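Undergrad: Take a look at the following structure, please.
FYI, it's all coordinate maths here, none of it is from the lab. A quick note: this is a predicted structure, and the numbers were derived from the prediction, not measured. Glycine gets a Cβ as well: all are built from the backbone with ideal geometry, and neighbour counts include every protein chain shown.
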Amino acid sequence: MNAEVRPSHFWDRSGQERAFADRADRLLTRIDCRRADDTAQREAISRLRSQAYLRDGAISPSSSRQCSDQYDETDNAYLFALYVDGELASSLRVHVTSEEHLKLPSLEVFPNHLQPALDAGKVLVDTSFFVTDEKLSRIHRDLPYVTFRICVLAAEYFRVDHCLAIAKAEHQAFYRRAFNYRKVCQPRLHPQMNEPVSLMALHFPSAANELYQKYPFFRSSSFERRRLFERPERAAFSMHEPAA
């Protein structure tokens, strides 16, 4: 579920890739990425989600001005908030499967496509509630790419097989053109959305090198990945990796 993701179309302009990467690098130096583990952070994220989805027409107005679901509380959920110069700019939720943790938001809508992969022991990272602040996304056109970088860090840290996303028709081009996601199936109704959505997927092991060449700022250190995803109280869920 993604709202108000407005990518710049730099891939259509030869010679612009390096300028884009430099611009994204500069934006990263101003960003503080925080895992939202406390109530105040999660409430701020929920308000940002609500604002973005209302602008996008994806949900109906709610008096609570909050947007969350039961998947925010699962043990394999990671909620992230990105701040530009201290101001909440974007958010992304990540779910990662393991033998003990198989709950995914996408599984509720696309069980026939995802259950076989889970039964085969595939590791999946499911991104959802991908939202940006309206004002800051206009100022920083590359904010969606910097936000999506979290998915790549999760894929590296957990050594995933496939990255997943649910997208409306108008958002699918972002995933397809920017990251080479493919649409897995025809649109279906989602219990929280006003419009049909499709499941999109990327086989990360085969796509990683191309992603890093296209977006050098996607690269990360093992320290950064541990800082974002390691949970000492859930050490069994964290996957050990060699130093970068």
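Undergrad: Amide H of D133 versus every other amide H placed in the peptide plane: which residues, excluding those fewer than 5 positions away on the same chain, fall under 5 Å?
TA: So D133 has HN proximity to S90.
Undergrad: Classify the stretch 123-244 as rounded, prolate or oblate from the Cα gyration tensor: take a ≥ b ≥ c as the square roots of its eigenvalues, call it rounded if a/c is under 1.5, otherwise prolate when a/b beats b/c and oblate if not.
TA: Taking the square roots of the gyration eigenvalues as a ≥ b ≥ c, the stretch 123-244 is prolate.
Undergrad: Can you put H162, H101 in order of Cβ neighbours within 10 angstrom, beginning with the fewest?
TA: In increasing order of surrounding Cβ atoms, one gets H101, H162.
Undergrad: Please turn the phi angles of the stretch 161-173 into ³J(HN,Hα) values with the Karplus equation 6.51 cos²θ - 1.76 cosθ + 1.60 (θ = phi - 60°), one per residue in order, whole Hz, x for glycine and proline.
TA: Running phi through 6.51 cos²θ - 1.76 cosθ + 1.60 with θ = phi - 60° gives 8, 9, 9, 10, 8, 9, 9, 6, 4, 6, 9, 5, 4 Hz.
Undergrad: Give the order of H203, H171 when sorted by the count of other beta carbons within 10 angstrom, beginning with the fewest.
TA: Placing the least packed residue first, the sequence is H203, H171.
Undergrad: Still on this structure, I have one more. Does the stretch 14-216 come out rounded, prolate or oblate, given a ≥ b ≥ c as the square roots of the eigenvalues of its C-alpha gyration tensor, rounded meaning a/c under 1.5 and, failing that, prolate meaning a/b above b/c?
TA: rounded
Undergrad: Tell me, in nm to one decimal, what length is gained between R227 and E100 on full extension, where the rule is 0.36 nm per residue of separation less the Cα-Cα distance?
TA: Additional length available on full extension: 43.5 nm.
Undergrad: Using θ = phi - 60° and the Karplus form 6.51 cos²θ - 1.76 cosθ + 1.60, what ³J(HN,Hα) does each residue of the stretch 102-113 get, whole Hz, x for Gly and Pro?
TA: For the stretch 102-113, the Karplus curve yields 10, 7, 9, x, 5, 5, 5, 9, 10, x, 5, 8 Hz.
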